[in-house]
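Inspection log for the structure reproduced underneath, given as structure tokens.
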Amino acid sequence: MTKENKLNLLLGIFVTALICANLLGVKITSLLGISVSVGIFMYPLTFLITDIVEEVEGKEKTKSFIKVGAASLVIVFLYAWLCVTLKPHARYTYDAAYQLIFSGSLRMIGASLIAFIIAQYHDIWAFNFWKKKTSGKYLWLRNNASTIASQLIDSTVFMFIAFYKFAPQYDVWFLIKLIIPYWLFKVAFALIDTPFCYWGVRWLRGGKKEN
């Protein structure tokens, strides 16, 4: 497989994970007794992929991934809005459930789009900052340092746009209590995926090892 084909594959996985996190993320599950969106299983994958691409191809190629991801979210948002607003046929009896699920997705997609762009561009900056500081060594450090900080930005921006004043109890303090455990789970995922970052970089480079 050529490097171009590998990059195309990574871009496809990147966009798929991003869209799945937004469309499926309205469901809440429980991890270790803490309520989290099921999107937490998909969204960390996007940061892993951009770190792999940035390490091998640089920030301009990574920015192209972010732009494609943002454009994909805009398209999904517009289609979701269209499908929610269209009047259902008389024989379609599930419109109330459809509206309930995908109307919620609209606000989440809008919040996610803004948080995604801010956090990913911060990730690019932070990744390059640590790469320069370490003279290109210690991939594990820049991978985790950039992702952990960017995930905090992402979680904070997303939660406030998506849920602030969504209900009377959704005030600033309530959202902070949601953000902290959600972010800690993302930190755990970032640490767990470190070996995959090394593997992904080596795979994209065609077998060359990373420091």
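Just so you know, all these numbers are worked out from the coordinates, no wet-lab data involved. Model, not experiment: these values are computed from the prediction. Glycine also receives a Cβ, built like all others from the backbone with ideal geometry; neighbour counts cover every protein chain displayed.
Here the label points at residue 121 and residue 38, each 7 Å from Cα along the C-beta direction, are separated by 3.2 nm in the simple model. Along the charge dipole of segment 3-205, which of 24, 196, 73 sits closest to the positive end, that is, farthest toward it, with unit charges on the beta carbon of Lys, Arg, Asp and Glu (+1, +1, -1, -1)? It is 196, whose Cα lies furthest towards the positive end. By other beta-carbon atoms within 10 Å, ranking 124, 176, 161, 49 with the fewest at the front produces 176, 161, 124, 49.
Kirkwood analysis of the Cα pair distances in the chain returns a hydrodynamic radius of 18.1 Å.
Here the dipole of the chain is about 380 debye; that uses its Cα centre as origin and unit charges on the Cβ of Lys and Arg (positive) and Asp and Glu (negative).
Applying 0.36 nm per residue to the separation of residue 205 and residue 107 and subtracting their alpha-carbon distance, the gain on full extension is 31.4 nm. The label-point distance for residue 177 and residue 96, in a model that sets each label 7 Å from Cα toward Cβ, rounds to 3.2 nm. Sorted ascending by nearby beta carbons within 10 Å, beginning with the fewest, 57, 4 become 4, 57. Among 2, 194, the ranking by other beta carbons within 10 Å of each residue's beta carbon, starting with the fewest, stands as 2, 194. From helices alone, the chain scores -27000 deg cm²/dmol at 222 nm; the rule is -39500 (n - 2.57) for each run of n ≥ 4 DSSP H residues, then divide by the residue total. Quick check: the distance between the Cα centres of segment 154-174 and segment 178-205, to the nearest angstrom? Going from one Cα centre to the other spans 25 Å.
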